[in-house]
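What follows is a set of notes on a single structure, which appears directly below.
The values are calculated or read from the model by the stated rules, or taken from the named source; none is laboratory data. Bear in mind that the values here come from a model prediction, so they are computed numbers and not experimental data. Backbone-built Cβ (ideal geometry, glycine too); neighbour counts: all protein chains shown.
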Amino acid sequence: MFCRAKKLPPFDVVNKLIAYNIITGVFTWKVNKSNKKAGSIAGRIKKGKKPYRYITINRQECAAHRIAWLLVTKKDPWPYEVDHKNSNPKDNYFINLRKATPAQNSANRQKGTNNTSGHKSITYQSHQTLNPYVVCIHQQNRSHYVGSFPTLELAIEARDKKGKELYGDFYNP
């Protein structure tokens with residue numbers, strides 16, 4: 001299994017430097033570190049499509065949600081990824097996090113910017129007059145063609161059924 005994330009520093013090292021509030025998901029420094037004072041918010045939010053918080057520990061940039069997993073379970077999630085159940089990268093409270101394979105984590109993505117129907121895995125093809133809504137779910141370099149449907153409602157119903165079959169609890173319509 002390929003994991004995009006890197007291994008984290010050992011639990012002992014992280015635990016000496018970072019405090020994590022399991023309820024609020026806030027990270028604070030336990031010690032004074034260069035220009036950061038003990039008690040101040042740890043890390044920074046990277047700009048981009050998904051604004052994840054990153055914390056630098058021993059010159060290694062680490063995703064905050066992975067550090068949360070390490071601090072609560074005392075185990076590095078590697079080779080797994082850590083998924084935000086609600087797809088919000090700013091919600092790092094522990095109940096919103098779960099260990100996932102890369103395939104499971106990709107099931108929890110938002111719809112693409114080039115989407116033609118307004119719904120994930122459904123394409124609207126205007127040249128098809130009878131069944132313009134085509135459902136195709138992509139998983140691990142495979143395409144699962146579900147079918148073509150006359151209405152968006154039928155396409156959504158078919159997509160949700162197949163999505164739950166493929167991804168289980170990780171399915172996010």
Find all pairs meeting these conditions: Cβ atoms under 7 angstrom apart; at least six residues apart or on different chains; first residue within segment 162-173 and under 16 Å from Asp83 (Cβ atoms) and touching a residue at least 40 places away in the same chain (Cβ under 8 Å); second residue among the aliphatic types (A, V, I, L, M) and assigned to a helix (DSSP H, G or I).
-> Tyr167/Ala107; Phe170/Ala107; Tyr171/Ala107; Asn172/Ala107
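Can you name the residue in segment 60-105 that is of a type in the set (Gly, Ala, Ser) and in contact with a strand residue (DSSP E or B) (Cβ under 7 Å, 6 or more places away or on another chain) and, of all such residues, is surrounded by the fewest Cβ atoms within 10 Å (Cβ to Cβ)?
Residues of segment 60-105 of a type in the set (Gly, Ala, Ser): 63-64, 68, 87, 100, 103.
When the remaining residues are screened for being in contact with a strand residue (DSSP E or B) (Cβ under 7 Å, 6 or more places away or on another chain), the result is 63-64, 68, 100, 103.
Values: Ala63: 23, Ala64: 24, Ala68: 24, Ala100: 20, Ala103: 15.
Residue satisfying both the conditions and the ranking: Ala103.
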Would you please name the residue that is farthest from Asp83 (Cα to Cα), looking only at residues in segment 129-138 that are at pLDDT below 85 and surrounded by fewer than 15 Cβ atoms within 10 Å (Cβ to Cβ)?
-> Thr129
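Rundown of residues vs (1) in the same structural domain as Asn88 (by TED's automatic domain parsing); (2) exposed (fewer than 13 other Cβ atoms within 10 Å of the Cβ); (3) of a type in the set (D, E, K, R), yes/no style:
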site	(1), (2), (3)
Ile18	yes, no, no
Ile23	yes, yes, no
Phe27	yes, no, no
Lys33	yes, no, yes
Lys36	yes, no, yes
Ile41	yes, yes, no
Gly48	yes, yes, no
Ile57	yes, no, no
Name the residues in segment 1-56 that are within 18 Å of Leu71 (Cβ to Cβ) and small (Gly, Ala, Ser), would you?
-> Ala5, Ala19, Gly25, Ala38, Gly39, Ser40, Ala42, Gly43
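Quick check on my filter: what residues within segment 148-160 are in contact with a strand residue (DSSP E or B) (Cβ under 8 Å, 6 or more places away or on another chain) and within 23 Å of Asn86 (Cα to Cα)? Talk me through it step by step, then tell me what you get.
The initial filter retains those residues of segment 148-160 that are in contact with a strand residue (DSSP E or B) (Cβ under 8 Å, 6 or more places away or on another chain), namely 148-152, 154-156, 158-159.
Answer for segment 148-160, where residues must be in contact with a strand residue (DSSP E or B) (Cβ under 8 Å, 6 or more places away or on another chain) and within 23 Å of Asn86 (Cα to Cα): Ile156, Ala158, Arg159.
So, restricting to strands (runs of 3 or more DSSP E) that lie completely within segment 74-173, which ones have at least 1 residues that are over 20 Å from the mean Cα position of the chain (by Cα) and aromatic (Phe, Trp, Tyr)? Please lay out each step first, then the result.
Working: elements: 81-84, 97-100, 122-124, 133-139, 142-149.
Ranges flagged: 122-124, 133-139, 142-149.
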Name the residues in segment 1-51 that are modelled with pLDDT of 90 or more and hydroxyl-bearing (Ser, Thr, Tyr), would you?
-> Tyr20, Thr24, Thr28, Ser40
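Are any residues in segment 34-59 touching a residue at least 24 places away in the same chain (Cβ under 8 Å) and of a type in the set (A, V, I, L, M), and if so, which ones?
First, the residues of segment 34-59 that are touching a residue at least 24 places away in the same chain (Cβ under 8 Å): 42, 45, 50-53, 55, 57-58.
Selection gives Ala42, Ile45, Ile55, Ile57.
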Select, from Ser121, Ser126, Ser117, Ser148, the only residue that is touching a Leu at 6+ places or on another chain (Cβ under 9 Å), modelled with pLDDT under 85, of a type in the set (Ser, Thr, Tyr) and over 30 Å from Ala19 (Cβ atoms).
-> Ser117
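Considering each of Ser121, Ser117 in turn, give the residue that is in contact with a helix residue (DSSP H, G or I) (Cβ under 6 Å, 6 or more places away or on another chain), crowded, with 18+ Cβ neighbours inside 10 Å and among the small types (Gly, Ala, Ser).
Working: Ser117 fails: in contact with a helix residue (DSSP H, G or I) (Cβ under 6 Å, 6 or more places away or on another chain).
Matching residue, one of Ser121, Ser117: Ser121.
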